[in-house]
Amino acid sequence: MNDTAENDRWTLYTSVCVTAVAVAAIVAHLVWPNLKIDIVTVALLAVACLPWLRGIVSSVDLPGGASIKLAVRQRVVVRDQQETLDAVRAVATAGRAVPSDEKLARIYELAGEYEGIRTAMPSGHRRTQSMGQVARKILSLMPLENYDADGDLLNPKAGHRLVAYLSLVADPEASHAEELIKTLTEREGIPYNQNWALRALSRIVDVGGSDRVSSRGVAQLRGMRDGLRQGSDRQLLLADLVDRLS
């Protein structure tokens, strides 16, 4: 059994146990005569429901000011951090297989392959896997000399924008943070590209610090977060990033 399946199984067992304990507490709270439904019972009901709401909400505020943070966001963030780490490890692995003056041309060829995959293959795991293979090949040819990511951030072609995001993962230059945020929040409509843009921005924050992002940039990210489906991976990653910047 792989790690993901094992984690899902553990999560299911934990959910059942937590809910069972909370329901038992509710029953115990109600067995005594003349006892009415009160704030304690409501709080216990909330606890009973939490394990099953972990894909919908990231936190719940309980009576009295207490707040319970659900583990799902942390799992999504940790998984994405591992994917980012794997991406960084792929940087420059091509060595001298491609001469320096030919790297950008080869990268743009791969960007074209990426666009071809998006057009030819139906949405799903196989397409994502194929796009990921192309992304790793691009990363293996980076970092690039005399490359300005801003030009590709403004490019209407999805493959060129992907190149910009990957370049900022490989070399997280803080001067591109604001243009990156503008592209992510206003121009980029492809979820796969958005994921890479978020990784690039997270790298910039990790390396350069949260002060590299302006208050306007944070507001743009917050607006995008609020517009995404609650509990989706991108929404949770944006929520985590906004919290780090706030």
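The values are calculated or read from the model by the stated rules, or taken from the named source; none is laboratory data. A quick note: this is a predicted structure, and the numbers were derived from the prediction, not measured. Heads up, the Cβs are rebuilt from the backbone with ideal geometry, glycines too, and the neighbour counts pull from every protein chain shown.
Let's see how each residue does on (1) buried (at least 20 other Cβ atoms within 10 Å of the Cβ); (2) more than 10 Å from the chain's Cα centre (by Cα); (3) at pLDDT below 95:
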position: THR183; (1), (2), (3): yes, yes, no
position: GLY189; (1), (2), (3): no, yes, no
position: LEU198; (1), (2), (3): yes, no, no
position: LEU201; (1), (2), (3): yes, yes, no
position: GLY209; (1), (2), (3): no, yes, yes
position: ARG212; (1), (2), (3): no, yes, yes
position: VAL218; (1), (2), (3): no, yes, no
Report the residue count in region 157-198 for those that are among the small types (Gly, Ala, Ser) and closer than 16 Å to LEU245 by Cβ.
3
Could we say that LEU236 is free of Cβ contacts under 8 Å to residues at least 24 places away in the same chain, aliphatic (A, V, I, L, M) and over 25 Å from LEU104 (Cβ atoms) here?
no
Filter pass, ASP148 being among the charged types (D, E, K, R) and either at positive phi or out of contact with any helix residue (DSSP H, G or I) (no Cβ under 8 Å at 6 or more places or on another chain) (or both):
yes
Yes or no: ALA111 surrounded by 15 or more Cβ atoms within 10 Å (Cβ to Cβ), without any contact (Cβ under 8 Å) to a residue 40 or more places away in the chain and of a type in the set (A, V, I, L, M, F, W, C)?
no
